[in-house]
Amino acid sequence: MRFLHTADWHLGRIFYGQYLTEDQAHVLENQFFSILKDEKIDGILLAGDIFDRAVPPVEAIELWDSIITRLAMDYKVPLFVVSGNHDGAERLEVGRSMLSRSGIHIWGSPHHALQPFEFEGADGKVAICPMPFSEPRRIGDALGLGSANNSLQTIQSLENAIDADTKTKAKSKRSKSKKASVDIIEDSLFASVDMADTNLADVETNDVVTQDLDRNNETTLNLHNYDQMYQAWSDYLYKQVPKGMRSIAISHAFVMGGDVGGSERTLSVGGSEQVSPQVFKDFHYTALGHLHGPQRMGADYIRYSGSPLKYSFDEHTQKKSFTIIDMDKKGNVDISTIPVEAKRDVVILEGYFEDLLNNKELQAKHKDDYVQARLLDTMPIMDGMAKLRQVYHRCMTIDLVGRVATPMADMDEAVFKELNERQLFNQFAETVWKEPLTEREQQYINSVWDRILKED
């Protein structure tokens, strides 16, 4: 079975005052659909941040509508979507029941993401386990963990949500005593998350990634801890996957050790939003969203696809791509990527102003790209942005790295303090025009200064 993994579309994104809808439509309406056809994709995993904000602009909504309409009506490729931290979860879920009948499956609220979806492909079933972005307390509320974690009522409510076939199998393994039944469920749901080893190196090998969490040390779950609550959620979903069935988790989360770019919004204060890669160790593949750079997280089967476009100049070196997952009947995955063919690139051009302004080769290559000019000049430049935009039409910002890097020792403060206003103006004019004032210009400037002084 073949899946396409993508995330972080951020429809409606504004980049330095300019909407990127045209650029997004170019990739999604052309390359995205071409991949579905050419690569014979069986299902799409979209891991959150479909929109850039909870209330997106009309153009973004229309683009999303056109995408899901084509998927449902023309391509008939199932789409599995979870909401991200940028999305309005409730708005994204509008029409979810109706859309699911057309193969568009959307999970925004954790309350709707308490059961795996059994997707039947050409070579058997795969359990899709959705984990949309949510705050820990909302996850705990959905799981029934909002009050006394050890109460029989809470435990029973969790049992009732489990599929009937799974419950029957589980009951056969339990002790006849009620106390033993309670202990088994507590061991599975309220086991402590091993936080001793959170370093990425600790999950770099399959042996470590796949090791069981310590089930012997029962603790009360912290309803404010992302790692613990996502672990409880993951355990809860995985226990409902029928024995022998392949499983895929889709989650929008900040996994520990991830390479952060410049445009990802912080999920919480102080780094507490991070979750361990071990949260997803039981699934055959985990499709992650949130971080914009494509990357594996401890194992090949736990990874971010990255965003399809560059959304900040900090991302200018990232190689954007779509991720293709080939899964065999046993759940083993083979992963490949297809580079994104963006309409415009995001680049940083560094050099002296005149060099950038007159470099024909650079102009031909980056005329329509989004450009940040990093200028090495130490002297002021008049109308620099206007001049650069004549040759780089989408020059978005200028970074005066040359002036910032100039040592303060090069500026003799004592000299400037001794200069009066006229002398300072003359120095400024000479710097801008790169030559001293003519006698006639000096006479005119002197007359202006005289009028100013008289008015004072």
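Among what's in the range 28-85 and is small (Gly, Ala, Ser) and in a strand (DSSP E or B), pick the residue that is farthest from the chain's Cα centre (by Cα).
First, pick out the residues of the range 28-85 that are small (Gly, Ala, Ser): 34, 43, 47-48, 54, 60, 66, 72, 83-84.
Within this subset, residues satisfying the condition of being in a strand (DSSP E or B) are 43, 47.
Values: GLY43: 21, ALA47: 9 Å.
Only one residue tops the list, namely GLY43.
Just a yes or no: is a residue in the range 287-294 part of a strand (DSSP E or B) and more than 19 Å from VAL27 (Cα to Cα)?
Of all residues in the range 287-294, those part of a strand (DSSP E or B) come to 287-289.
Cutting the leftovers down to more than 19 Å from VAL27 (Cα to Cα) gives us 287-288.
Within the range 287-294, one or more residues are part of a strand (DSSP E or B) and more than 19 Å from VAL27 (Cα to Cα).
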Which numbered condition ILE325 misses (of (1) modelled with pLDDT under 95; (2) surrounded by 20 or more Cβ atoms within 10 Å (Cβ to Cβ)): (1)
Condition first: out of contact with any Asp or Glu (no Cβ under 9 Å at 6 or more places or on another chain), part of a loop (DSSP other than H, G, I, E, B) and under 28 Å from ALA25 (Cα atoms). Now tell me which residues in the range 337-367 satisfy that. VAL340, GLU341, LYS367
Here is a list of conditions, (1) in a strand (DSSP E or B); (2) at pLDDT 95 or above; (3) more than 19 Å from ILE44 (Cβ to Cβ), and GLY298 meets all of them except one; can you say which number that is? (2)
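Could you list all residues from the range 86-101 that are assigned to a loop (DSSP other than H, G, I, E, B) and buried (at least 19 other Cβ atoms within 10 Å of the Cβ)? Break it down into steps so the answer makes sense when it comes.
So in the range 86-101, the residues assigned to a loop (DSSP other than H, G, I, E, B) come out as 86-88, 93-95, 101.
Once the filter is applied, which keeps residues that are assigned to a loop (DSSP other than H, G, I, E, B) and buried (at least 19 other Cβ atoms within 10 Å of the Cβ), the range 86-101 yields HIS86, ASP87, GLU93.
The values are calculated or read from the model by the stated rules, or taken from the named source; none is laboratory data. Treat the numbers as computed from the prediction; the structure is a model and nothing was measured. Note that each Cβ is placed from the backbone with ideal geometry, even for glycine, and that neighbours are counted across all protein chains shown.
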